[in-house]
Amino acid sequence: MCVHACLWCALVTLIGPARAQVLQYGDRAPDEMQTVGDPGLLTLFDAGAEGRWLNAIEVYASSGGGDGFELYVVDLDGQLLRRVTLPSVVLANPQDGWCRLPIPPMVVPREFGIGLIGQSGDTVYLGLARQEVGFALRDLGWPRGGGALSVGVYRNAESHSYRWSPGTPGEGLWDRDWMVRAYVSDTADGDPDATDLVVLSSGEAFFDRVLSAEGDPLEVRTASHGALPREEIASLHLQAISYPSATTVVVELANGRRVEGALESMTEEGITVRQGERLTTLALGDVERIEFPTIAAVPIGPQVAPQVSETRRAWSPEQVTGPPDTPEGGDRSTAWASRTPDDQDEWLLLAYETAVDIAEVRVWETYNPGAIGKVTAVLADDTEVTLWEGEDPTVRTPGEFVVQTQEAVTAQRIKLYVDSPDHPGWNEIDAVELVGKDGTRQWAVAVGASSSYADR
């Protein structure tokens, strides 16, 4: 699918010496507004070069309220680069109809797509700009070559916008483009490692890293925006991007009680902590201090955003977090399985709490073993170093496949490549342990995958 910009349909505006650009289709008011749910929308862009930074996204939109929506950034093959969960309040204060969606800066390939999926209970209205009339043939499918050749009456022989859901071919729009703007530059504008969404009472929203919450009156301390008084914060959404599990916190109350659990949210109603299946909401007036344990940040590169879930879905990537819990070999829902058994090569990207000088990578295979073809370490700059490549000797399940390396490689992300088409059936993986040359051993805290049976 060619997405090179034409003069009318892709308005490109230079902003400054860093070659910052605004990419969009059309520069006028929308011809109509349509609701976006699931399926949602997708618009394709050309950044002009590989490895540029996507610093901001704007949409011509409004919301009827509800649970919010999910923002996706994908490559032209439909592979997920990042997923961000956003509340509907970020659409509440448009400027001339345009709403800026908060995202941390991220590196994108030259050609990429921006998708938006409405969550249940939310109504999102997005503008459509109609192209001038022309006559051409076009392929309605996406990713590339996925649809039937059709005759359309519209300009420029290509539409750049689709009705779309993750993991499915998109249905192309004939003569319209979603009104989406992408701000790209040669440099990052902000903190690429920010994972926490802060929404202020003024309506401003941004990503940062929350460091602590303490003081009287209570202040939330952040890495980039400093100390924020609690009364200025409308809501706080921790880990809106990265980890599959919530941050563990200890809340100290004025009466001396300490509540430890997973921090779900911080809103005007109070602080909500999950303890097992129980949710406890603590009034802000009763809180003396919130302790955030010190955790080494797990950088999420442009290859994947780990799939976020409060519970472990059957056969999902989050099944690979933590130690093995599949005691018997076979098709077990406590391990990860790809969406289809043999349709494509698959991969798992695993993040760990601490970067180490790698000694071993130990993989627990639980069904149709022997499919791993390559193991790499993903460095902080997102380059990959091959630790092993060859024929996986594992034949029994559960079976442990051990990769040892004498190379000096320090990383906190590991990527497994699974040669699924040449190893029939679902090739299921339960856990992956990272062993450092200093003797430390750790299990993955976040996992992303090329596909998942949980998403069928």
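We did not get these values from a lab; they are worked out from the coordinates using the rules stated. Computed from a predicted structure; not experimentally measured. Note that each Cβ is placed from the backbone with ideal geometry, even for glycine, and that neighbours are counted across all protein chains shown.
Descriptive notes on the structure:
- Euclidean distance between Cα centres, segment 351-405 to segment 53-107, Å: 34
- Counting every other Cβ atom within 10 Å of each residue's Cβ, TRP336, TRP164 order from fewest to most as TRP164, TRP336.
- Cα convex hull of segment 317-455 - mean projected area over all directions, nm²: 7.5
- Straightening the chain between ALA223 and SER201 buys 6.0 nm, computed as 0.36 nm per residue apart minus the Cα-Cα spacing.
- Between GLU288 and GLN344, the modelled labels are 5.4 nm apart [label points 7 Å from Cα along Cα→Cβ].
- For ASP196, ASP345, order by how many other beta-carbon atoms lie within 10 Å, fewest first: ASP345, ASP196
- Each of HIS237, HIS160 was scored by other Cβ atoms within 10 Å of its Cβ. Arranged with the fewest first, they read HIS237, HIS160.
- R0 of 60 Å, Cβ-Cβ distance GLU232-THR440: FRET efficiency to nearest 0.05: 0.90
- Restriction of the GluC sites (Glu not before Pro) in segment 388-451 to DSSP coil positions whose beta-carbon has at most 12 other beta-carbons within 10 angstrom yields GLU391, GLU407.
- The distance between label points at THR168 and ARG274 comes to 2.6 nm (points 7 Å beyond Cα on the Cα→Cβ vector).
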